[in-house]
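What follows is one structure encoded as structure tokens, with my remarks underneath.
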Amino acid sequence: MAARTNLRQQDSTRAAIQTSQLVNRLQDFALAKPGVDIDANRLKAIEVLLRKSLPDLSTVTHTGDPDNPVTITSIQLVAPGA
């Protein structure tokens, strides 16, 4: 068996797969697919887990002082783990 080289990537990949499984389960339930039933407790647990793993797409307004605007002088790409 090959040695694990990037544990962080494996963890993020695992989390993404688990999140997609929760989303798929909710979609199947919402579309009333046969054999898919979710009780209230499980539905709440899925909701909590999805809130922790997916952005909720809420609106964010960024405002500031019009007399002292924030300016961006440079943007730099930093490699993960650097």
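The values are calculated or read from the model by the stated rules, or taken from the named source; none is laboratory data. If you're wondering where the values come from, they're calculated on a predicted model, not measured in any experiment. Glycine gets a Cβ as well: all are built from the backbone with ideal geometry, and neighbour counts include every protein chain shown.
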Checklist entry - Can you find a residue in segment 43-52 that is surrounded by 10 or more Cβ atoms within 10 Å (Cβ to Cβ), of a type in the set (K, R), closer than 26 Å to G81 by Cα and free of Cβ contacts under 8 Å to residues at least 40 places away in the same chain? => result yes
Next on the checklist: So Q10 passes all but one of these: (1) at pLDDT below 85; (2) in a loop (DSSP other than H, G, I, E, B). Which condition number does it fail?
Outcome noted: (2)
Next on the checklist: Give all pairs with beta carbons closer than 7 Å in which a residue from segment 8-31 that is under 16 Å from E47 (Cα atoms) meets a residue that is assigned to a helix (DSSP H, G or I) and of a type in the set (G, A, S); count only pairs at least 6 apart in sequence or on separate chains.
Outcome noted: A15/S53; T19/S53
Checklist entry - Within the group V78, V36, which residue is without any contact (Cβ under 8 Å) to a residue 12 or more places away in the chain, in contact with a Phe, Trp or Tyr (Cβ under 8 Å, 6 or more places away or on another chain) and aliphatic (A, V, I, L, M)? => result V36
Item to check | Residue that is surrounded by the most Cβ atoms within 10 Å (Cβ to Cβ), among those in segment 53-82 that are at pLDDT 85 or above and among the charged types (D, E, K, R) | outcome: D65
